[in-house]
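Derivation of every value follows stated rules applied to the coordinates shown; laboratory data play no part. Worth saying up front: this structure is predicted, and the values here are computed from it rather than measured. Glycine gets a Cβ as well: all are built from the backbone with ideal geometry, and neighbour counts include every protein chain shown.
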Amino acid sequence: MNDFANETIHPDLQQNIRRLREITGGGSDLMVNEFLLSGVPAALVTCEGMVSTMMITELILEPITHVDIPNPTAERLISHIQDRLLLSLDRSVADNYRDFFRFLNSGFAIVIIHGASKALVFGVQGYEKRSVSEPSGESNVMGAREGFIEVIRMNMSLVRRRMKTPFLKMELMPIGDKSQTDICLCYMYDRVPESLVDEIKERLNGTELESVLSTGYLQPFLENKTGCLFDTVGTTQRPDVLCGKLLEGRVGILIDGIPYAITVPKLMCESFQTMDDYSFRPYYTTCIRLIKYLAFFISLLLPALYVAVALHHPELLNRTLLLILAKAEENAPVSLMAEAIGVLLVYEIVREAGLRLPKAVGGSVSIVAGLIIGDAAVSSGLISTPMLTVTAIAVISGFALPDLNQPLTVLRLLFILAGGFLGLFGIGLLGSITLFNICAGESFGYPFTAPIAPLRIRSMRDVATRVGFRTMQKGHFTVEEYHE
């Protein structure tokens, strides 16, 4: 791509066409249709399968073939088309081959005229795309059913339809040397500091990626180099969630070809919030959020606490519970710590198999794994019933927080190791390290643990609890309040 990035379009039509075929290596999807434009040789260049045949016929071919001006030249024809003909709402000009192929492979029709060192570009996209449907990963009860799709301009319209304010700014820019993927920065320019937008643009422009095929390609460049156990860059499939983040002063990034939006900066408390929280009554939302915080600690610490207490601190258990655990574990062939790690690893294997296999087979894998682990393993004595119960409760608790699945999976195993070797002291030590890591995390200078640390009493009204909208409407607050 760099070989012809700054190479200007050749004014000679035939030499220009030869250069196009040379760059593409004679690709069969390059369609070049030569014709006479008011007596001047010209060509319409498209990429097969990327344009709408009906649109290109009605909006471009029919009007442009009827152009007839006296003493036609390339400059006069270009001026006439740009000033007198509309042809397409999405129009531009390509001065070099880099821009030429970026427009061509994005579904634009390009007109090149003999004697002109630039090409006219018209948007007539007609490629197949998935229709807007409910996102599979962020379901809700009373909210909207629309989710992002793979087409960036459609995603932009989903956001714009909800945010009709002129303060919402969308900036398109290409990224990726080979793919030239379009990304769109969305932000409310009256609420986002200009320095934050400039820093995000600087980091994105500093990437040396050849392509961007998922959000994971860009996330490392938007996170701090020091690293945090939890994601400091948020993602969402829902336009309404993105609009809520924009109103709070965050920046959204849409990527062409990916049905997810990136949001920065991200706060820890966002992982415990959903769009349904603002559809239910405050007392019910508060109850659900407290349950989620409890589920977080259960998922993270319950197996480790069971192993630590049973191995190192049995005096903390009453006599009846201690006898039950001793009887259940007396026939187990391995230690409690190895048993807990083994059960969790088997669960991760089953979960990964269910995700990667076709849906018709994925359900069968879960059923077979449940029968083997839940019945056969316990009956044979390989796994004790209390251990299986504890790990199952921990895993199910993690389902309540899908956004934290990755760090919970790894930390759960580490806490089991710490509890197995050092008991409650090891759990406390690792817990302190984890807490320090979370508190030290930041995203573009904004504390990851805000508004809990540093404490902002006014902002706490939508963290562990949620106040009513009558109170919320008395003044919005943004992440700029948390800047150090």
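A few comments on the model shown:
- Label-to-label distance for T465 and D29 is 5.7 nm, based on points extended 7 Å past Cα in the beta-carbon direction.
- Per-residue extension of 0.36 nm, minus the Cα-Cα distance of E58 and S380, leaves a gain of 108.6 nm for this segment.
- Relative contact order of the stretch 96-244, defined on C-alpha pairs under 8 angstrom at six or more residues apart (%): 20 percent
- With contacts taken as Cα pairs under 8 Å at a separation of at least 6 residues, the chain carries a relative contact order of 13 percent.
- For the chain, calculated [θ]222 nm from helices alone, where every DSSP H run of n ≥ 4 adds -39500 (n - 2.57): -13500 deg cm²/dmol
- Calculated Kirkwood radius over Cα pairs in Å (choose from (i) 26.0; (ii) 26.8; (iii) 24.1), label: (ii)
- Structure note, pairs K129/K359; K129/K169; K169/K266; K201/K225; K164/K359: Cα-Cα distances above 28 angstrom occur for K164/K359.
- Percentage relative contact order, the stretch 218-377, counting C-alpha pairs under 8 Å, at least six apart: 12 percent
- Separation of the stretch 176-197 and the stretch 1-53, taken as the distance between their Cα centroids, equals 31 angstrom.
- Note on D190, D182: ascending count of other Cβ atoms within 10 Å places them as D190, D182, the fewest first.
- As a proxy for reagent exposure, D83, D462, D198 were ordered by neighbouring Cβ count within 10 angstrom, fewest first; the result is D83, D198, D462.
- Degrees between helix 13-24 axis and first principal axis of the chain (Cα, 0 to 90, nearest 10): 20 degrees
- Residue exposure sequence - F296, F415 - by fewest surrounding Cβ within 10 Å: F296, F415
- The order of the peptides 116-123, 47-54 by mean Cβ neighbours within 10 Å, most packed first, is 116-123, 47-54.
- Taking the average, over residues, of other Cβ atoms within 10 Å as the packing measure, peptides 341-354, 23-36 rank 341-354, 23-36 from highest down.
- Taking other residues whose beta carbon is less than 13 angstrom from the beta carbon of T235, and scoring Lys, Arg as +1 and Asp, Glu as -1, yields -1.
- Mean Cβ neighbour count within 10 Å, used as a protection proxy, ranking 451-457, 173-179, 102-108 highest first: 102-108, 173-179, 451-457
- Inter-probe distance in nm under a simple model that places probes 7 Å from Cα toward Cβ, at I288 and K225: 4.2 nm
- Compared with the dominant principal axis of the Cα atoms in the chain, helix 385-399 is inclined by about 30°.
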